[in-house]
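The values are calculated or read from the model by the stated rules, or taken from the named source; none is laboratory data. Everything numeric in this text was worked out from a predicted model, so none of it was measured. Heads up, the Cβs are rebuilt from the backbone with ideal geometry, glycines too, and the neighbour counts pull from every protein chain shown.
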Amino acid sequence: MNEAIREQRRGELVTLLADSVTGIDHTLGLNEPLISSGRVNSLALFKLALWIEEQTVQPIDIAGIDIAQAWDSVERILDFLERTGEP
């Protein structure tokens, strides 16, 4: 993923999280814990999974992913998108 796309996705992701998770705003750090902190509820996690599916243009089986590890920060989510593949 080129740096411009990664930066655009980072902005979209932070906006999604700021709109969905109490206590998160647009100053969210790249490595700030999300899942392990307990701040992400099931609705926010659902929205996050849908956003990730939209970015990868493929279904994501969240039952087969260690979400607490793979999606625990903005940086890890962006890395997950790179590993999962580009559309």
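Do you know which of the residues in the range 28-40 that are within 13 Å of the chain's Cα centre (by Cα) and surrounded by 12 or more Cβ atoms within 10 Å (Cβ to Cβ) is modelled with the lowest pLDDT?
Checked the range 28-40; the qualifying residue modelled with the lowest pLDDT is 28.
Filter the range 9-65 down to the residues that are among the charged types (D, E, K, R) and closer than 19 Å to residue 79 by Cβ and list them by number.
9, 10, 12, 32, 53, 54, 61
Restricting to the range 12-56, name every residue that is in contact with a His (Cβ under 9 Å, 6 or more places away or on another chain) and not aliphatic (A, V, I, L, M).
15 - this is the single residue of the range 12-56 that is in contact with a His (Cβ under 9 Å, 6 or more places away or on another chain) and not aliphatic (A, V, I, L, M).
Residues 25, 79, 61, 19: which one is without any contact (Cβ under 8 Å) to a residue 40 or more places away in the chain and surrounded by 15 or more Cβ atoms within 10 Å (Cβ to Cβ)?
The unique qualifying residue is 79.
How many residues does the range 46-58 hold that are among the hydrophobic types (A, V, I, L, M, F, W, C) and in contact (Cβ under 8 Å) with a residue 24 or more places away in the chain?
So the answer is 4.
Mind checking whether some residue in the range 46-56 is over 11 Å from the mean Cα position of the chain (by Cα), among the hydrophobic types (A, V, I, L, M, F, W, C) and surrounded by 15 or more Cβ atoms within 10 Å (Cβ to Cβ)?
No, that holds for no residue.
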